[in-house]
Each structure stands twice: as structure tokens, then as C-alpha cells.
């Protein structure tokens, strides 16, 4: 999928969610966010080994002021265990591709107003670690985007 199609799809999803939030309950919106984000986290059998069974879930805790702006709890699932990774403001979604060395797909991006975090699982010496990195969306060549600066949150067992 090329970048234009991908971002067009993301935009359409968030417009759908915005309209849904205005006309539906928070509980139903949470279910819709989970089902829509599931589109990006599904893997085929060839990718199953690549991501070591990593799955992500989102729980919309509250709607914040502004368009597509929520408090979202991000949950990492691995081998039947669930790990709460934190609550993030803005929008969160699952991404694949453009991985850092040792990072296992899929990973989560949460952003608000041009900056945010990336939550990724990294394999180091056969152990898995959840790491949080910094995201800054750049305006142009003079102010480029930044993605990196990862710190360990915890070991995934």
C-alpha cells in the first residue's frame, strides 16, 4: 500500500470516528475504534513469526476537546498476557513497516498536535522489551520529522 492510499484511509477512518463520536455513546465508539484499528494489526500466516504474536488493543477512556482527540489506554497483548502501556492523548493507531533494528511489527503511534510517541516491542538477546520513542512531525526540509529516542518501559515476558 503506498503512502497516499494509506494516509487517505487513515483520514477517512478518523472522519468516520469523529462523526460517530458526535452521534453515539463512548462505549460504542470504543468498539468501533477497536474494530477499525484491527484492520491495521491483522497479519497473514507469513508474518505471524515476524511479530512474535504481538497484538495491540485501544480503550477510549474519554473524549477531549477538539476533533479526533481522546484519552486512549494502549494495551499490549502477547501470549495470552495483557500489559497496560499507558494512557495517551490524541489519536492512536497500529503501523507496520519502517522498523528500527530489533523492532517487531506491528507498533503503535499516538500523536496529538504534531508530536507524540511510538510504542514498539524490541527483541534483544531473545528477550522482548516494550520501548517508547519520540515522534515529531516536521513542517518541511528545514524542520524535518523525528522518530527515535527510545527508552525501555518494561520487559515483555
Task: Paramagnetic label zone (point 7 Å from Cα along Cα-to-C-beta, residue 139; backbone N under 14 Å) in the range 98-127 - done: 114-115
Task: Inter-label distance for residue 98 and residue 79, nm, one decimal - labels placed 7 Å from Cα along Cα-to-Cβ - done: 3.1 nm
- [ ] Could you tell me which of rounded, prolate or oblate describes the range 64-151, using a ≥ b ≥ c as the square roots of the eigenvalues of the alpha-carbon gyration tensor, with rounded for a/c under 1.5 and, failing that, prolate when a/b is larger than b/c and oblate otherwise?
- [x] oblate
Task: Order of 82, 65 - criterion: other Cβ atoms within 10 Å of each residue's Cβ, fewest first - done: 65, 82
Task: Pairwise FRET efficiency - residue 146 versus residue 87, Cβ, R0 = 25 Å, nearest 0.05 - done: 0.65
- [ ] Could you calculate the FRET efficiency of residue 155 with residue 64 from 1/(1 + (r/R0)^6), where r is the beta carbon distance between them and R0 is 41 Å, rounded to 0.05?
- [x] 0.85
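Each value in this text was obtained by applying a stated rule to the coordinates, not by laboratory testing. It should be emphasised that the depicted structure is a prediction, and the values quoted were computed from it without experimental measurement. We place every Cβ from the backbone using ideal geometry, glycine too, and count neighbours over all the protein chains shown.
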